[in-house]
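Asks: Sharing a structure, written as structure tokens. Questions coming.
The values are calculated or read from the model by the stated rules, or taken from the named source; none is laboratory data. Here the structure is a predicted model, which means the values were calculated and not measured. Using ideal geometry, Cβ is built from the backbone for each residue, glycine included, and neighbour counts are taken over all protein chains shown. Side chains included, ligands, DNA and RNA excluded: accessible areas come from the protein's heavy atoms. Shrake-Rupley method; radii C 1.70, N 1.55, O 1.52, S 1.80 Å.
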Amino acid sequence: MKPASFEYLRPESVAEAVATLDLYGGTARILAGGQSLVPMLGMRLMRPGAVIDINGLGEELGRIEARGSETTIGALVRYSEAETSPVIAERLPLLGTAIRHIGDRQVRNRGTLGGAIAQSDPTGEVALVALTLGATVLVTGPGGERELAADGFFVGSYANTLGPEEMITGVRFGVVPSRSAFFERGRKHNDFAVLSLAVVATPESDGTWHDVRIGMGGMNDTPVLARAAAERLEGARWDEAALAEAATLALRDADPPEDVRASAEYRAHLLPIHLGRLLAGLAKEPRHG
Amino acid sequence: MSGSVATERRTGVLGSSVPRKEDDRLLQGDGRFTDDVEPARSLHMAVGRCPFPRARIESIDVEAAAAMPGVHQVLTGVDIVARTEPIGVLRPVPGAVQLPFYALAEEFCVFEGQPVVSVVADSRQIAEDAVEAIWIDYEPLAHVTDTLAALEPDAPVIHPDRMESNLLASNPQHRGDAEAVLRDADVVVGDSFQIGRVAPLPMEPRAVVAEWRPGARELTAHVATQVPHLVRMQLAESLRLDEGEVRVITGDVGGGFGLKLGLYPEELLACRHAMDLRRAVKWVEDRLEHFRASTHARESVHEFRIGADADGTFVAMTDLYTTDLGGQNSGFGSAQLSSIVFTGPYRVEDGAVERRVAVTNKTPVGAYRGYGQPEVNLARETLIDRLARRLGRDPYELRLQNLLGADELPWRNAAGALYDSGDYAQCLRMVAEAIDYERLRAAGRGPGEDGRYRGVGFTCFVERTGYASAKFLANRGSRYGAHESVTLRANRSGGIDLYTGVSTFGQSNETAFAQICAEVHGIDFDAIRVHAGDTGATPLNTGAFASRTLIAGSGAVREAAQELRDKTLRIAAGQLSVEVEDLEVVDGAVVSRTDPDKRVTLADLHRAAIIGQGLPADEQPGLEATAHFEPTDAAYAYGSAAAVVAVDAETGEFEIERFVLAHDSGRIVNPGAVEGQVRGALAQGFGAALTEELRYEPQSGQLVNGTMLDYFVPTASDLPAVELLHTEVPSPVTPFGVRGVGETGTIPPGAAIANAICDALAEYGVEISSLPITPELVWRAIRKAGNGGESREG
Ligand SMILES: Cc1cc2nc3c(=O)[nH]c(=O)nc-3n(C[C@H](O)[C@H](O)[C@H](O)COP(=O)(O)OP(=O)(O)OC[C@H]3O[C@@H](n4cnc5c(N)ncnc54)[C@H](O)[C@@H]3O)c2cc1C
């Protein structure tokens, strides 16, 4: 488990990092927390021409910024920092909750939010939350900066629309609905999810719910939105019948994989049950807060 | 409730939780593991492995690899077959044909991961680059990975040169006429139980550093192993050396669990390279290799039946089981102890058990903590619960009715095992009381307020610890004995050096041996220094496995300590002019009981003996004793466990709310060490019961989850809280009344949890017949029961 040989480079700015990516014509890889990249190098599943270590770019990429209604998280922000950040606790509680389901403490001390989005694991918690909250992925490449909606960014298992010479600099969140809930089930504590669910919505005083978005992890080769289910609940009262219908409608957007963690059939069986329970729990919570 | 303590306690170190001798160095980062050994100018080895479950090697082209800068040597199977002997099997399958195997495959490969080429280079990186540059043409051959499918008439025969089918051997044993008794029994329950294949997964993988000094004709092999003296024998045989030319040193070993028993191909290869190159060669297994090249365990199918009278009395048990050997032998081969304990702690006169061993195209199977006992326990104990449901009886009461009473021991079971002593029912009562079984039963199964069903599961077991005798082993063709050997040597600081071939891999043997030595001799525990695992310095012994170390080792330490003490007192008696009977060892000195002013320090006595000055006229110089001890019989540890489980009947998800184990390991030398052993083994038991399973895809024959990413070994966060209770009934067949304890915890989790889940879901008629018990498995069992799933009870 020793990597094939590679060049190791440690740029001093994002501009230099991007120039280096360009220089290697797409064969170089960014090294952030290394929690996914290093094992892949060791197993020789990846043989990059160069490894570009961005860990020295904390100034440019390591900040959590709240500006107006927007919250921007730098690509190099570690899971542990996000987990304990008061800004995230206040503005993006769903993200804070979801991150606690990632790996173990050591992994969260090293792993970064930018790395998680770049990795695009179909069960990744950060990708699921970014999709559910309609976040924007901030990207820099030889051609300048780009902003990519999370919805559409994840295009397959470990695949996204990032160009080989581009890098992620951060992820930006807008205003989020007032209520959220998160659920995850894995084969062992904080393992990659068999099923993960993220729900956000805003209840109105007339008893109806709005801005409903439901994200599902482990139910497809990318995190996906349960659009049909969300539609059923949008502007509706969340009575038992509505919740039951929505829970079943979620299956329309699911095409669960079959792997060592669970069969497709079992994942499909779990989805409506756990989504139904998650929604019921959210509906039952007191209206304020 | 506290267990009845049937032994009186001397004050002193024996029986107390003294801190482990091993911990000072390990906690300070001063342990010395094989990978820490760095001889000057070391080279590094990498191994190329067969990617197919079964294949014929058509050609190997090593030219490019051999020419790479930094590459020193490439070996292939042709070289190895010419220049080494096949690796010997320590514990052959009784009645089996020999399946000799070499360290590298010559023409035929029989499992994915089998070593095919080895390369030595300046660094591991370069060696791995070179392995990639070796071009091997394989012709994939028809393979079979499923245990029972391998025994079907249409299965490809994996060793056609030596076998006509894939059935390596079958070993039947019986007492009475179980078939006839079953025919006449009022009720018979039976089923087929599938036990998943697991990896023992020590934290330290295997490792070797080999050095050869041709002028001295000495091969020094640092090997992470449980049996240094046996590895020495195997290395000498395979390398065509005299044993005197081979020295094996273990240092600290980071876990063994049965996996590190005996010689593996890579260790032999490193030695062969070192001898050719006259340079030190190091190989440390990585985790990817470990999952394919270190032995697996447990996989078996048990066809178990229990017959009973209408009043619940067990009348017969049978178990026809098939274990999976993998593609070829390992040092120990597949588990053999299901046979010996198949009837468990119950009063069963008529019984028949047959072990069949199937060869499949998978990684070879070896010993693993429990060695057949957890497997058969699942089968027997889940069937007892089904029998209880059939008869409308409480499973707890049914067990109490059939457990052997303390006054019925010693008892010879249907497989010939002699259970020495114990109070089996007491452990069962203790766990029932601990969980307040009566109250739980009265509360009903649910669903409770949280919508979940609650169930209770019990299991009772015996555990064979140690070996019956060298004779017992000889009848089975084993190439080792049943004894342990210890040398004690006085030193000039007033301490004792204790030399043992039992290597140190987490079982606390250094501490336990020193405790016994201190107890018998009277010297301070801290003045004893244990030197373990170097064949150049320690007496020839057997090794650490089968929960046997203390059973045999305590006798050897006792005898040697007694001899050393006797001579020390005789010398002191001469110097102090008192009778030996008047003397005792206290605080590092020999002191007169009647006149405490008459004392001489151990340091002075040791010096006198070592230089031969100031000795009584008839005493020889020197103060050293070696003792060999073989226990008269194996000792049977035992216990009972209870699990309380809450089950979600919609999803199959469940939670273990309580798990209580009461066990007896005989006289306890160190309670802290015993608790550590039991908890560690329980963790492995929960892993095999709940999450761990190596899965092979039948079409491709590939191991699909051979990484830490996809193999679900539990972490501390995954384990349920465990409550431990002990009794302490001394064994009459061992020194001090000890029983082994290393494997106990692996046995009960599967059965207790399966029974608890089925109890919770009794109204659905759910049955569990395999491990691991995943939520998905429970969901499928619920669904099958709901569909009126055909019951296989006969
Ligand atoms: C034991 C363990 C458990 C884990 N459990 C989970 C889990 O439960 N859930 C989960 O989601 N993940 C889990 N992970 C993966 C972990 O979250 C990874 O750290 C994360 O997916 C990648 O972040 P990183 O900073 O470590 O990225 P790296 O490993 O450094 O990089 C990962 C990939 O992203 C690329 N990359 C990194 N940063 C950028 C960037 N700024 N721009 C462009 N490309 C970039 C790299 O080139 C590489 O291809 C686990 C990992 C381990 C070791």
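Asks: If the only charges are +1 at each Lys and Arg Cβ and -1 at each Asp and Glu Cβ, what is the size of the charge dipole of chain A around the Cα centre, to the nearest 20 debye? Please list the in-between numbers first.
Replies: Numbers: 29 positive and 37 negative charges, 166 e Å.
Value, rounded to 20: 800 debye.
Asks: Give the carbon-plus-sulfur fraction of the accessible surface of the stretch B:595-696 in %, rounded to a whole number; probe 1.4 Å, heavy atoms of protein chains only.
Replies: 46 percent
Asks: OK, next. Whenever you get a sec, line up B:ILE551, B:ILE656 from highest to lowest accessible area (probe 1.4 Å, protein heavy atoms). Walk me through the intermediate numbers first.
Replies: Values: B:ILE551 0, B:ILE656 25 Å².
From most exposed to least exposed: B:ILE656, B:ILE551.
Asks: What is the interface area between chains B and A, defined as buried accessible area summed over both chains with a 1.4 Å probe, reported in Å² to the nearest 100?
Replies: 2400 Å²
Asks: Oh, and also: Around B:ARG32, with a cut-off of 10 angstrom between Cβ atoms, what is the net charge of the other residues, counting Lys and Arg +1 and Asp and Glu -1?
Replies: Result for the local shell: -3.
Asks: Just to verify a number: FRET efficiency for B:GLU218 and A:SER157, C-beta to C-beta distance, R0 = 56 Å, to 0.05?
Replies: The calculated FRET efficiency here is 0.55.
Asks: Still on this model: Relative to the Cα centre, what is the charge dipole magnitude of the stretch B:616-655, using +1 at the beta carbon of each Lys and Arg, -1 at the beta carbon of each Asp and Glu, and rounding to the nearest 20 debye?
Replies: 120 debye
Asks: OK, next. Could you work out how much longer the chain between B:ARG429 and B:GLN699 gets when fully extended? Use 0.36 nm per residue separation minus the Cα distance between them, nm to one decimal.
Replies: In short, 92.3 nm is gained.
Asks: Work through the residues other than A:LEU131 whose Cβ is under 9 Å from its Cβ and net out their charges, Lys, Arg +1 and Asp, Glu -1.
Replies: Neighbourhood net charge equals 0.
Asks: Can you return the lysines within cross-link range of B:LYS567? Criterion is Cα-Cα under 25 Å, with same-chain partners fewer than 8 residues away left out.
Replies: Of all the lysines, those that pass the test against B:LYS567 - Cα under 25 Å, at least 8 places apart if same chain - are B:LYS598.
Asks: Amide H of B:HIS72 versus every other amide H placed in the peptide plane: which residues, excluding those fewer than 5 positions away on the same chain, fall under 5 Å?
Replies: Sorted by chain and number, the residues that satisfy this are B:VAL120, B:ALA121, B:ASP122.
Asks: List the cysteines of chain B that have no other Cys Cβ closer than 4.7 Å: which are they?
Replies: Among the cysteines of chain B, those whose Cβ sits 4.7 Å or more from every other are B:CYS271, B:CYS427, B:CYS460, B:CYS517, B:CYS758.
Asks: Here's another thing I want to ask about it. Take the Cα of B:VAL187, step 7 Å along the line toward its Cβ, and report every residue of the stretch B:297-317 whose backbone nitrogen sits under 17 Å from that point.
Replies: The answer is B:305-317, whose backbone nitrogens lie closer than 17 Å to the label point.
Asks: What do you reckon, how do B:GLU38, B:GLU624, B:GLU204 stack up by accessible area (1.4 Å probe), largest on top?
Replies: Values: B:GLU38 125, B:GLU624 95, B:GLU204 25 Å².
Most to least solvent-accessible, the answer reads B:GLU38, B:GLU624, B:GLU204.
Asks: With θ set to phi - 60°, apply the Karplus curve 6.51 cos²θ - 1.76 cosθ + 1.60 along the stretch B:676-684 and write out the HN-Hα couplings as whole Hz, x wherever there is a Gly or Pro.
Replies: Values per residue, Gly and Pro as x: x, 4, 5, 5, x, 5, 4, 4, 5 Hz.
Asks: Evaluate the distance, in nm, between pseudo-label points positioned 7 Å from the Cα of A:ARG227 and of B:GLN173 along their respective Cα→Cβ axes.
Replies: Here the answer is 6.6 nm between the modelled labels.
Asks: Enumerate the amide H contacts of A:GLY186 below 5 Å, restricted to partners 5 or more residues apart or on another chain; note that Pro and chain-start residues carry no placed amide H.
Replies: Under 5 Å from the amide H of A:GLY186: A:VAL194.
Asks: By how many nm would the segment from A:VAL87 to A:ALA19 lengthen if fully extended, with 0.36 nm per residue of separation less the alpha-carbon distance?
Replies: This chain segment gains 21.2 nm when fully extended.
Asks: Also: Which is farthest toward the positive dipole end of the stretch A:179-284 among A:PRO256, A:GLY276, A:HIS189, measuring Cα position about the Cα centre, with Cβ charges +1 (Lys, Arg) and -1 (Asp, Glu)?
Replies: Of the listed residues, the answer is A:HIS189.
Asks: With the solvent-accessible surface defined on protein heavy atoms using a 1.4 Å probe, which residues belonging to the stretch A:241-276 display a reduction of at least 20 Å² in accessible area in the multichain context relative to the isolated chain?
Replies: A:VAL260, A:ARG261, A:SER263, A:GLU265, A:TYR266, A:HIS269, A:ILE273
Asks: Which FRET efficiency value, to the nearest 0.05, do you get for B:ALA442 and B:LYS784 by plugging their Cβ-Cβ distance into 1/(1 + (r/R0)^6) with R0 = 30 Å?
Replies: 0.50
Asks: Using R₀ = 51 Å, calculate the FRET efficiency as 1/(1 + (r/R₀)^6) where r is the Cβ-Cβ separation of B:GLU152 and A:LEU45; round to 0.05.
Replies: E between B:GLU152 and A:LEU45, to the nearest 0.05, is 0.90.
Asks: Sort B:ASP154, B:ASP252 by heavy-atom solvent-accessible area, probe 1.4 angstrom, most to least.
Replies: Largest to smallest exposure gives the sequence B:ASP154, B:ASP252.
Asks: Then there's this: Can you pull the percent of chain A's accessible area that's carbon plus sulfur, 1.4 Å probe, other chains left in place? Can you show the working numbers first?
Replies: Details: 6160 of 12250 Å².
After summing per-atom areas, the C and S share lands at 50 percent.
Asks: Per residue of the stretch B:17-26, in order, report the coupling 6.51 cos²θ - 1.76 cosθ + 1.60 (Karplus, θ = phi - 60°) as ³J(HN,Hα) in whole Hz, putting x for Gly and Pro.
Replies: In residue order, the calculated couplings are 8, 4, x, 5, 4, 5, 5, 3, 6, 5 Hz.
Asks: Under 18 Å from the 7 Å Cα→Cβ point of B:ASP450, by amide nitrogen: which residues of the stretch B:711-738?
Replies: Within reach of a label on B:ASP450, which here means backbone N under 18 Å from a point 7 Å along Cα→Cβ, the stretch B:711-738 contributes B:717-723.
Asks: Sticking with this one: Among the listed pairs A:LYS188/B:LYS282; B:LYS282/B:LYS471; A:LYS188/B:LYS784, which have their C-alpha atoms separated by more than 31 angstrom in this model?
Replies: Pairs exceeding the cut-off: A:LYS188/B:LYS282; B:LYS282/B:LYS471.
Asks: Roughly speaking, what is the centre-to-centre gap between the stretch B:161-211 and the stretch B:518-541 when only Cα atoms are used, to the nearest Å?
Replies: Each part reduced to its Cα centre gives a spacing of 38 Å.
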